[in-house]
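What follows is calculated from the coordinates using simple rules that are stated; it is not laboratory data. As the structure is a computational prediction, the values presented were derived from the model and not from experiment. Heads up, the Cβs are rebuilt from the backbone with ideal geometry, glycines too, and the neighbour counts pull from every protein chain shown.
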Amino acid sequence: MAADAIPRFIPEKHCTSYDAVSRTNVMPSPAEKRANLKTAVVYYSLEGNTRYAAEKIALEIGADLYALKPLKEYPRGGFGKYFWAGKSAMFKERPRLQAIRFDAAPYDLVVLGTPVWAGSYAPPLRTFFREHRLEGKRAALFACCSGGSADRCFEGLKREVPGCKVLGALRLIDPAKGDNPEEASRIIDFCAKLKTSLEIG
Ligand SMILES: Cc1cc2nc3c(=O)[nH]c(=O)nc-3n(C[C@H](O)[C@H](O)[C@H](O)COP(=O)(O)O)c2cc1C
């Protein structure tokens, strides 16, 4: 056999620049590409529906999870809930939040979740946007409601992240209430689309 037909191992230090370049130019597979991307889910939830969806999404896409918590939480029951939380949404308040260790810099995708309050997003998200800049990131949105429209909520959220490429928006109806397999499978579909967008984007 001719000497040059024998497969040769070239130690790293003897590689020509051509060998080095051709090896580093190998395209990563979609799964490798996604594995290198960092994702975060940031959400506020008063009664657990948005938390339920946020935890499912974070698990599905392998994201870090950040819960926004007002220093003074809104009441959870009865008339007080609608009065105080509704008033806060109508007056576009910015409630002070407990500190979170969120730094947008390392994240490629930030998923933002909120309940729909009076057609809009919950005020703790407004405080979050004031405190953190997401320009240049990819974003995805989800909103939990009890059956009304989430269009205005999504429009408002998009206005808050003008420098972001929004990959998708998911409206859910009280996903944590009772046995709700339909909403659970919509969450899984949403995550599958996000993963595909991350691979090709
Ligand atoms: C103050 C307030 C306002 C609400 N406004 C709306 C609304 O405009 N449209 C709607 O479909 N649901 C509305 N809801 C219902 C919540 O959006 C819904 O139950 C959501 O799943 C709650 O999410 P959470 O459990 O994460 O807090 C409102 C609830 C509250 C407390």
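Results, tabulated for the structure shown:
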item: Count of residues meeting criterion [away from the ligand (no atom under 16 Å from the Cβ), over 20 Å from Ile100 (Cβ atoms) and more than 12 Å from the chain's Cα centre (by Cα)] in the range 131-156; result: 1
item: Count - residues of the range 91-130 that are in a loop (DSSP other than H, G, I, E, B), under 19 Å from Glu55 (Cβ atoms) and either within 14 Å of the ligand (Cβ to nearest atom) or touching a residue at least 60 places away in the same chain (Cβ under 8 Å) (or both); result: 3
item: Ala150, sole failed condition from (1) under 29 Å from Ile188 (Cβ atoms); (2) surrounded by fewer than 23 Cβ atoms within 10 Å (Cβ to Cβ); (3) of a type in the set (A, V, I, L, M, F, W, C); (4) in contact (Cβ under 8 Å) with a residue 24 or more places away in the chain; result: (2)
item: Residue list for the range 84-105, filter: over 17 Å from Tyr121 (Cβ atoms) and loosely packed, with under 14 Cβ neighbours inside 10 Å; result: Arg96, Gln98, Ala99, Arg101, Asp103, Ala105
item: Residues of the range 157-179 that turn out to be away from the ligand (no atom under 12 Å from the Cβ), touching a residue at least 24 places away in the same chain (Cβ under 8 Å) and not in a loop (DSSP other than H, G, I, E, B), as a count; result: 8
item: Residue check, Cys144 in a helix (DSSP H, G or I) and closer than 17 Å to Val111 by Cβ; result: no
item: Enumeration of residues in the range 36-56 that are in contact with a Leu (Cβ under 8 Å, 6 or more places away or on another chain) and within 17 Å of Ala143 (Cβ to Cβ); result: Val41, Val42, Tyr43, Tyr44, Asn49, Ala53, Ala54, Glu55
